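Colleague: Questions regarding the structure given below will be posed in turn.
What follows draws every value from the coordinates through simple rules; no lab data is involved. Given the structure is predicted, the values throughout are model-derived calculations rather than measurements. Glycine also receives a Cβ, built like all others from the backbone with ideal geometry; neighbour counts cover every protein chain displayed.
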Amino acid sequence: MSHTNDEGSAARPLRDKRGLVNRVRRLRGQVDAIERALAGEASCSDLLQRITAARGAINGLMAEVLEEHVREYLSPTDGDADPLKADAAEELIEIIHSYLT
């Protein structure tokens, strides 16, 4: 089965779908906890703490997907082992993680 993105170019499926799905399930649990806190008598500080945790979880998910994208599309393959490109891709991954997590 071939996957394509909106531009029509080939898109590859994610490698660690199970891990990403687990992250989304934990995130869903955090969002459900926010909803329960809103429906209950939670304080603003409790709500803010829960929202901050959910934001951290979504940023972690974003960082993981971006890292996989960089490794899949921007890192050189074994046949094209340009050390400058490899270093630049690793540096980009580090920047993504430092910004989002």
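Colleague: Considering only region 53-101, state which residues are among the β-branched types (V, I, T) and within 16 Å of Q30 (Cβ to Cβ). Write out each step before concluding.
Modeller: At the first step, the residues of region 53-101 found to be among the β-branched types (V, I, T) are 58, 65, 70, 77, 93, 95-96, 101.
Result: I58, T101.
Colleague: Here's a follow-up. Could you give every pair whose Cβ atoms fall below 9 Å, whose first residue belongs to region 40-52 and is closer than 16 Å to Q30 by Cβ, and whose second residue is assigned to a loop (DSSP other than H, G, I, E, B) and not hydroxyl-bearing (S, T, Y), counting only separations of at least 6 or pairs across chains?
Modeller: Close Cβ pairs (under 9 Å, with a partner that is assigned to a loop (DSSP other than H, G, I, E, B) and not hydroxyl-bearing (S, T, Y)) amount to R50/A42.
Colleague: Please enumerate the residues belonging to region 29-60 that are outside any helix (DSSP H, G or I) and surrounded by 15 or more Cβ atoms within 10 Å (Cβ to Cβ).
Modeller: Residues of region 29-60 that are outside any helix (DSSP H, G or I), as a first pass: 40-43.
If the condition is that a residue be outside any helix (DSSP H, G or I) and surrounded by 15 or more Cβ atoms within 10 Å (Cβ to Cβ), then A42 is the only one that fits.
Colleague: While we're here: Could you list all residues from region 14-53 that are farther than 20 Å from E67 by Cα and of a type in the set (D, E)?
Modeller: D32, E35, E41, D46
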